[in-house]
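Okay, structure first, notes after.
The values are calculated or read from the model by the stated rules, or taken from the named source; none is laboratory data. This is a predicted model, so every value here is computed, not measured. Backbone-built Cβ (ideal geometry, glycine too); neighbour counts: all protein chains shown.
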């Protein structure tokens with residue numbers, strides 16, 4: 001019987017978890033929507049996938065007028081929710097641009113965005129007045145740009 005060759009032993013060291021990590025590491029993560037704004041048109045909306053998520057509607061002055069979500073009751077997700085913003089029954093008058101994020105945690109994320117907006121501006125966007133008094137309080141770090 002032949003002897004088996006010995007396997008080379010590779011030293012294995014466990015990562016050092018004892019090092020103290022910066023406690024504010026997670027508070028510095030961006031919580032605000034940062035995607036670029038795009039025109040709110042039917043052509044742009046049709047190009048979006050039918051997924052769940054959150055969106056921010058901005059008017060021609062750059063003011064956020066609504067933070068909304070496309071939930072499980074929307075037949076075509078984000079497309080359905082944004083088409084409603086363009087329709088005759090829309091809640092906002094001057095909705096010209098928008099940005100969005102796709103997420104399955106749309107309810108939590110929309111509430112988070114509303115709390116951030118309220119912390120930054122002292123009030124909710126005009127299209128979200130029905131949420132007045134229903135949100136918690138969030139105290140995010142200010143944006144790097146000084147807002």
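Taken over region 107-122, residues that are surrounded by fewer than 13 Cβ atoms within 10 Å (Cβ to Cβ) and modelled with pLDDT of 90 or more amount to 1.
Against the list (1) more than 15 Å from the chain's Cα centre (by Cα); (2) under 20 Å from residue 31 (Cβ atoms); (3) at pLDDT 90 or above, the condition residue 137 fails is (3).
Being in a loop (DSSP other than H, G, I, E, B), without any contact (Cβ under 8 Å) to a residue 40 or more places away in the chain and out of contact with any helix residue (DSSP H, G or I) (no Cβ under 8 Å at 6 or more places or on another chain) is the requirement here; does residue 108 meet it?
Details: in a loop (DSSP other than H, G, I, E, B): no; without any contact (Cβ under 8 Å) to a residue 40 or more places away in the chain: yes; out of contact with any helix residue (DSSP H, G or I) (no Cβ under 8 Å at 6 or more places or on another chain): yes.
No, not satisfied.
Can you find a residue that is within 22 Å of residue 108 (Cβ to Cβ) and part of a loop (DSSP other than H, G, I, E, B) anywhere in region 34-44? First the steps, then the outcome.
So in region 34-44, the residues within 22 Å of residue 108 (Cβ to Cβ) come out as 34-35.
Checking which are part of a loop (DSSP other than H, G, I, E, B) leaves us with 34-35.
Yes; the residues of region 34-44 include at least one that is within 22 Å of residue 108 (Cβ to Cβ) and part of a loop (DSSP other than H, G, I, E, B).
Checking each residue in region 52-70 for being surrounded by fewer than 21 Cβ atoms within 10 Å (Cβ to Cβ) and at pLDDT 95 or above picks out only 52.
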